[in-house]
Ligand SMILES: *Cc1c(COP(=O)(O)O)cnc(C)c1O
């Protein structure tokens, strides 16, 4: 059968006699060379090794450094090289990865990783990732992933309820908040009819991904307005209204405002309800970037601070931040999901079999990706395993720790609070004793941050608030305790005193 096909194909394509001869020679023989398939027992052994490595890492995380990194001078000789022509046994390569590659990185899930926005995925969510890769689910169409698509529908329904969105809202999982912001902005632009002078309004404190989204969407920098913020780093709604009016008079076409439910810098929550009023009056698409802060709605004590989240036309969420999922687990929710599909739906002829009717969501119709991974399983499995309750408790615990951190900073004469606790973020700096001020506080705090991070005790990051260099704690890891925060603050005081002596 195979021989016939080969022969026929050679004749039909009119290949040269030599080529046809080679085809015949190959017919019925097994091609030589290595296969990409592994022996099942070997698969189990190496799989167990990987599981052991992850479990060991988790068990010993607190004892190791919160950060390790190296310059290219170190990494290149260690790791760079040509691809080998032939394969090698798997175990030694895995050991190299475990010894030389993985350790040279921040331990984002370390209890004293307080930098940027940390993340600490739960075991069930990590297992889901492994499972999904092994099964290689294609989550673009219902035809190719009915069960998995149902889970994505179900989990986005959960999110819909948590946000307080009405029925008819829906969304999709994305690689993260950046992709969610981009998809939202394109949906907004399309809903507005893609006006050539389309103009977008963001906070001065907006995440850079919103500005990049505008650039990708063809909205140049002159049509991205950075709105001034108040003393608490929140958008001033009257400022938005004035900017929109002024731009309309100037011939521009305002179509979208992006507010924050938890800025990355300070955790600030914009006045979501007031901005909703302005957006409605002015006919703007209202996007809320809640990538970092959105899941705090699950904490009943914090929920009132996020009132108005349900008024957004769209909301970005990052389960890989405050819902304890591995990277890349992001999400975009849209109040009227038909507007999302209006912007992104395509039905090319090679996908004609995939149209099962509107109740069978083809997630490729809601965003950027056709080939998509099955990210929703991570959230689903983690919630099934630990319950919503445990997730809620962890969010509330992090907020409590941030509040406690603020209290201690206020109580320490040598520390100055630069922005109070909001969600899990606190900004402050070391100011030392009044008498001693031999160098600029910016320089001093940068040095403190650098020394502590290099020591491995804690991973710290910084920001600028106004013109001041600020240390910044972001607390959200499930492993972080009050003792960890105290260790980091003690180290800041100790290092500050040493440098300040
Ligand atoms: C992290 C973050 C983003 C970007 O999300 P990624 O998941 O890193 O792509 C956008 N907005 C806010 C407020 C964030 O905190």
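Just so it is clear, none of the values below were taken in a lab; they were calculated from the coordinates. All of these numbers come straight from a predicted model, not from anything done at the bench. All Cβ positions, even for glycine, are placed from backbone atoms using ideal geometry, and neighbour counts span all protein chains on display.
Compared with the dominant Cα axis of the chain, that is its longest principal axis, helix 17-26 is turned about 80°.
Exposure proxy ranking for 321, 280, 73, based on other Cβ atoms within 10 angstrom of each Cβ and starting from the fewest, stands as 73, 280, 321.
Measuring r between the beta carbons of residue 483 and residue 80 and using R0 = 35 Å, the FRET efficiency lands at 0.30. Counting neighbouring beta carbons within 10 Å and listing from fewest to most, the residues 344, 324, 233 come out as 344, 233, 324. Taking the centroid of alpha carbons for each part, region 452-490 and region 196-250 are 30 Å apart.
Counting every alpha-carbon pair across region 286-405, the share separated by more than 23 Å comes to 42%. The mean sequence distance of close C-alpha pairs (under 8 Å, at least 6 residues apart), as a share of the length of region 261-386, puts its relative contact order at 19 percent. Convex hull volume of the C-alpha atoms in region 368-501, normalised per residue: 149 Å³. If the chain linking residue 216 and residue 303 were pulled fully straight, counting 0.36 nm for each residue of separation and taking away their Cα-Cα distance, it would gain 28.0 nm. In this simple spin-label approximation, residue 50 and residue 226 carry label points 7 Å from Cα along the Cα→Cβ vector, and these lie 4.3 nm apart. Length gained on full extension, residue 197 to residue 338, computed as 0.36 nm times the residue gap minus the Cα-Cα distance: 48.3 nm. Compared with the direct C-alpha span, the chain from residue 42 to residue 404 gains 125.3 nm at full extension, assuming 0.36 nm per residue. Between residue 70 and residue 355, the distance separating the two model label sites (each 7 Å from Cα on the Cα→Cβ line) works out to 5.6 nm. Principal-axis analysis of the Cα atoms of the chain puts helix 272-282 at an angle of about 70° to the longest axis. Taking max minus min of the alpha-carbon positions on each principal axis, region 52-157 gives extents of 48, 42, 25 Å, largest first.
For region 350-501, averaging the sequence separation of C-alpha pairs within contact (under 8 Å, six or more residues apart) and dividing by the residue count gives a relative contact order of 20 percent.
Semi-axes of the equivalent ellipsoid of region 213-272 are 22, 15, 8 Å, computed as sqrt(5λ) over the eigenvalues of the C-alpha gyration tensor in descending order. Within region 53-87, name every residue whose backbone N is under 13 Å away from a label modeled 7 Å from Cα of residue 100 along the Cβ vector. Only 74-84 fall inside the zone, counting backbone N under 13 Å. Applying Stokes-Einstein at 20 °C and 1.002 mPa s to the Kirkwood radius of the chain, computed over alpha-carbon pairs, gives a translational diffusion coefficient of 84 µm² s⁻¹.
Where the alpha-carbon atoms of region 105-232 are placed on the principal axes, they occupy 46, 43, 29 Å, in descending order. In terms of surrounding Cβ atoms within a 10 Å radius of their Cβ, 368, 272 rank from fewest to most as 368, 272.
Normalised by the number of residues in the chain, the average gap of Cα pairs under 8 Å and 6 or more apart makes the relative contact order 20 percent. Angle, helix 177-191 long axis vs. longest principal axis of the chain, Cα atoms, 0 to 90°, nearest 10? For 177-191 against the chain, the angle is about 80 degrees.
Here region 77-123 yields Rg over Rh of 1.13, to two decimals, using C-alpha coordinates and the Kirkwood radius. Every helix of 4 or more DSSP H residues in the chain counts as -39500 (n - 2.57), and over all residues that averages to -14000 deg cm²/dmol at 222 nm. In region 287-319, which residues have a backbone nitrogen under 14 Å from the label point lying 7 Å from residue 273's Cα in the Cα-to-Cβ direction? Hits in region 287-319 for residue 273 at 14 Å: 303-312.
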